[in-house]
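The values are calculated or read from the model by the stated rules, or taken from the named source; none is laboratory data. The structure presented is a predicted model; accordingly, all values stated were derived computationally and were not measured. No Cβ is skipped: glycine too gets one built from the backbone with ideal geometry, and neighbour counts run over all protein chains shown. Accessible surface is based on the protein model in full, side chains and every heavy atom, while ligands, DNA and RNA are left aside. Shrake-Rupley method; radii C 1.70, N 1.55, O 1.52, S 1.80 Å.
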Amino acid sequence: MSQSEMSKELNPTQDEFAALLAESLAKEDVYEGSVVTGKIVGIEKDLAIIDVGLKMEGRVPIREFSTPESEADLSVGDEVEVYLERIENARGEAVLSREKARREESWNRLEKQHEAGEKVTGVIFNRVKGGFTVDLDGAVAFLPGSQVDIRPVRDIGPLMHQPQPFQILKMDRRRGNIVVSRRSVLEETRAEQRADIVARLGEGQVIEGMVKNITDYGAFIDLGGIDGLLHVTDMAWRRVNHPSEILNVGDTVKVQIIRINPDTQRISLGMKQLQSDPWEGIEAKYPVGGRFSGTVTNIADYGAFVELEPGVEGLIHVSEMSWTKKNVHPGKIVSTSQEVEVQILEVDPNKRRISLGLKQTQDNPWEAFLAEHPRGSIVEGPIRNITEFGLFIGLDGGVDGMVHLSDLDWNRPGDEAIKDYKKGDAVQATVLDVDSQKERISLGIKQVSGDPAETIGGFRKGETVTCEVVAVQDNGIEVKIADTDITTFVKRSDLSRDRSEQRPDRFNVGDKVDAAVLSLDKAARRINVSVKALEIAEEKQAVKQYGSSDSGASLGDILGAAMKQRDVTDGDEDAVEADAGASGDAERAVEAAGSAEAQADETDSTVSEPNAEAAPATDAAEAEAEEKSDS
């Protein structure tokens, strides 16, 4: 090189200097914030001096070149990649970072692997809140605790500081967040293994496995890389309350594959299928109506289960446990492990159900009650309950009988008569009916004292009865027939044949009055009496007995003689015998009264409606009286 050329190079012109400056500035824009290659020109203590070609050097801590697997091994002259943060700091040095360079390299590589769905290799090196941190060759990722394994891991120690595959779930370069999962890798591997194992298995196949885990609903059996569920109902034909009664963790058992779900690759196993089915021929072994002994295995709100033989259970419904104890929990009647005798009520081999009865092995208390207390007998017991329709009375054998409102009193309505009773009272009642099928006993309280209607049969139509006034009303009087409990009502029109005397107010409570029986209705428990009918009958009989066409006697004379004769018959019997003439008249009066009664029975002179009878009877009497008067 000539001297002039050297001088020109060392002393560039102004234009040449501007071009060199622009070139240098362009290089700064390219390099700053990117990964560059530099050469180690020196090592001072724990710092490496690196020349990145910018006519300046930068210092990087040696520890940034180390990895979790190995320590840094650097020497002068080695080329390394660093991240150029700034070209020059306050001390005139370049700001370099090996960690950021490695992170940038890792981010670029991880983004490509994430887009391709590839697995990445990392090392779990620290525990943080909610999970762990993973080093992905310079990039730090977060591993949630739920993504460590398929099942919860109690001890994470064996997994720390061990290179293992992970699947990237989420990346955010702006925030510097990476979320990875180890579980998804295990599930994928497991799915491949399960597919291979399931392909070699078939339903009905018998294999051996090891009890891996026990839950309340069954046990998980390891079949050599894949787990199957042995449900508690498939462990034995008999009732199993908990799998731990039969199995323990670590036991080797022989099971049969019941079902394989090709979609979920779940395998259902069974142990009882390797044994003979006790339900075969169950109807022949346990015929309906037969009685057998069994053990109570379980008690529920709706009944109790009884084991008849291993694997065969029947249900005693709560309604079939006791004849008399209703709405009682089965636990108050039987207890677990109790030996009981039951009767077969129904057998359903398809649904594997047997209905049992406990009360059927005991005497029916309603039938026993009927045998001891036939219909018509009188029983006594306390009133247990009072309802709107009657009374319930406690009887022998723990049964109850009901007295309906209509069977409380003969004369009063039931809703009025029931007020006389209270719970706990001891009462007597007559057994009316017993229905052992419906478990009902009908009782009657009023029947104990006898039916007053039975006395109605002792009366005859037209008979004279003595009554006592018990109530006076505007439209008539209520009377009670003497020596009976029968009451009846005499209408105003039946109080007298004379209209002026048809006034109820002329009677007082307690007065005695005679009346004639108009009609009888034993079924309706009714008897009608009439004072008016009696007066008409007496008048007619008197006219017939004592009057004649040629006697010349008036109606007043005839009635006076009849009344006098009746007074004589009602007098003292000795006085009648002392007066012979009077005695003859008395006998004729008695015969006349008897003849009147007989005639009343044989004729229709007395009808059920007194108003219809009174008019013709009165007219006949008046006509006969006028005829006597004219003669």
Exercise. Among the lysines, select those whose C-alpha is under 19 Å from the C-alpha of Lys540, and discard any that sit fewer than 8 residues away in the same chain.
Key: Lys461, Lys532, Lys564, Lys628
Quiz item: Given H placed 1.01 Å from N in the peptide plane, which residues other than close sequence neighbours of Asp227 have an amide H under 5 Å from its amide H?
Solution: none
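Heavy atoms only, probe 1.4 Å: what % of the accessible area of segment 198-342 goes to carbon and sulfur, would you let me know? Before the final figure, lay out each step's value.
On the way: 3620 of 7690 Å².
With neighbouring chains kept in place, the figure for segment 198-342 is 47 percent.
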Quiz item: Given a 1.4 Å probe and the protein chains all in place, what does the accessible area of Tyr302 round to, in Å² to the nearest 10?
Solution: 110
Quiz item: Over the heavy atoms of Lys119, what accessible area does a 1.4 Å probe trace out, to the nearest 10 Å²?
Solution: 90
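Rolling a 1.4 Å sphere over the protein heavy atoms, what is the accessible area per residue of segment 200-308, to the nearest Å²?
Numbers: 5740 Å² over 109 residues.
With the other protein chains kept in place, segment 200-308 gives 53 Å² per residue.
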Quiz item: Whole-Hz Karplus ³J(HN,Hα) for segment 335-351, in order, using 6.51 cos²θ - 1.76 cosθ + 1.60 and θ = phi - 60°, x for Gly and Pro?
Solution: 9, 4, 6, 6, 7, 9, 9, 10, 10, 6, 9, 7, 10, 10, x, 5, 8
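Cross-link list Lys272/Lys351; Lys480/Lys544; Lys422/Lys446; Lys491/Lys544; Lys212/Lys351; Lys170/Lys212: which exceed 23 angstrom alpha carbon to alpha carbon? Don't skip to the answer; put the middle values down first.
Numbers: Lys272/Lys351 17 Å; Lys480/Lys544 31 Å; Lys422/Lys446 17 Å; Lys491/Lys544 28 Å; Lys212/Lys351 32 Å; Lys170/Lys212 34 Å.
With Cα atoms farther than 23 Å apart: Lys480/Lys544; Lys491/Lys544; Lys212/Lys351; Lys170/Lys212.
Once the piece of chain linking Arg59 and Asp46 is laid out straight, how much longer is it, given 0.36 nm per residue of separation minus the C-alpha distance between them? List each step's numbers first, then the result.
Values: separation 13, 0.36 × 13 = 4.68 nm, distance 0.98 nm.
Length difference between fully extended and current span is 3.7 nm.
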Quiz item: Accessible area per residue, 1.4 Å probe, Å², for segment 356-475: what's the number?
Solution: 53
Quiz item: Which residues does a label at Lys285 reach in segment 236-264, if reach means a backbone N under 16 Å from a point 7 Å past the Cα toward the Cβ?
Solution: 236-239
Quiz prompt | Per DSSP, loop GluC sites (Glu not before Pro) in segment 103-210 with at most 16 further Cβ within 10 Å | solution = Glu118, Glu203
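Grab the beta carbon distance between Ala524 and Thr324, set R0 = 45 Å, and tell me the FRET efficiency rounded to 0.05. Before the final figure, lay out the partial values.
Values: r = 39 Å, r/R0 = 0.87.
About 0.70, to the nearest 0.05.
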Self-check item: Long-range HN-HN contacts of Val470 with modeled amide H, under 5 Å
Solution: Glu478, Val479, Lys480, Gly510
